[in-house]
1. Could you tell me whether any residue of the range 117-133 is of a type outside the set (D, E, K, R), loosely packed, with under 14 Cβ neighbours inside 10 Å, at negative phi and at pLDDT 95 or above?
2. What's the total number of residues in the range 68-99 that are of a type in the set (Lys, Arg) and either free of Cβ contacts under 8 Å to residues at least 12 places away in the same chain or not in a helix (DSSP H, G or I) (or both)?
3. Which condition number in (1) under 30 Å from Pro181 (Cβ atoms); (2) over 40 Å from the mean Cα position of the chain (by Cα); (3) hydrophobic (A, V, I, L, M, F, W, C) is the one that Val123 fails?
4. Specify which of the listed residues (Asp162, Asp172) is at pLDDT 85 or above and touching a strand residue (DSSP E or B) at 6+ places or on another chain (Cβ under 8 Å).
5. Considering only residues of the range 68-89 that are surrounded by fewer than 13 Cβ atoms within 10 Å (Cβ to Cβ) and under 28 Å from the mean Cα position of the chain (by Cα), which is nearest to Arg170 (Cα to Cα)?
6. Looking at the structure I just gave you, is Ala193 surrounded by fewer than 19 Cβ atoms within 10 Å (Cβ to Cβ), assigned to a loop (DSSP other than H, G, I, E, B) and either at pLDDT below 95 or touching a strand residue (DSSP E or B) at 6+ places or on another chain (Cβ under 9 Å) (or both)?
7. Of the residues Ala40, Ala12, Ala8, Ala57, which single one is surrounded by fewer than 17 Cβ atoms within 10 Å (Cβ to Cβ), under 14 Å from His118 (Cα atoms) and at pLDDT 90 or above?
Amino acid sequence: MIKLRKSATVAALAIALLCPRTALPASSQGSGILVVDRHAIMNGSKLGTNIRAQIMADENKIQTDLGPEGTALQKEMDTFQSQSASLPADMRASKKLALQQGQAAYQQKIREREDLIHGGEIVAGHAYLAAVVSVVHAILLERGASVVLDKSVLADSVNGLDITSEVIRRLDRQMTNFKVPLVKPPADQQLLATTVSHGSHR
């Protein structure tokens, strides 16, 4: 079985969403705190679900496409190891080199496919984050609050208005899906943020 590099997933790409260091700009009219649960938004919104499903499908496709080749290579290696002692030295060395080259080429195929998925995760992560922040900021302004924080950073005793459900409801109306591309990761991920459209992708 192919051991894929662990996916970052969009949730990880947006991990800093609305924490104190990246809180949305304060409103001069209010001093209240609004609260969101970023994990609930990712898991409960149509956009988050759609993006995660595409990434998982791309990862599964690597297994489907390249799994048989990996199994065949492993069988060849097992056969070689069981027979190597009986082979002439020159033939043993030649066969070993061929197997090593085959495994290296196979691993390169996997890395290239994983890189394309990772690049798509970055693009999707920026699109997701831009859509969520747009919705949250609109609610912040409407309610005259000064800051929006993630639920995970607050103590139980902190009073705040949880707007998670409202964020999900509005996000589902604004943007329900985003086509995750298969692209190489950008050299500068920060530049990519300016290329993401805030428009609807229904």
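The values are calculated or read from the model by the stated rules, or taken from the named source; none is laboratory data. Keep in mind that what you see is a predicted model, and the values were worked out from it rather than measured. Don't worry about glycine lacking a Cβ; one is built from the backbone with ideal geometry, like all the others, and counts go over all protein chains shown.
1. No, every residue in the range 117-133 fails to be of a type outside the set (D, E, K, R), loosely packed, with under 14 Cβ neighbours inside 10 Å, at negative phi and at pLDDT 95 or above.
2. Qualifying residue count, the range 68-99: 2.
3. (2)
4. Sole residue among the options that is at pLDDT 85 or above and touching a strand residue (DSSP E or B) at 6+ places or on another chain (Cβ under 8 Å): Asp162.
5. Pro68
6. Spelling it out, it is not the case that Ala193 is surrounded by fewer than 19 Cβ atoms within 10 Å (Cβ to Cβ), assigned to a loop (DSSP other than H, G, I, E, B) and either at pLDDT below 95 or touching a strand residue (DSSP E or B) at 6+ places or on another chain (Cβ under 9 Å) (or both).
7. The unique qualifying residue is Ala57.
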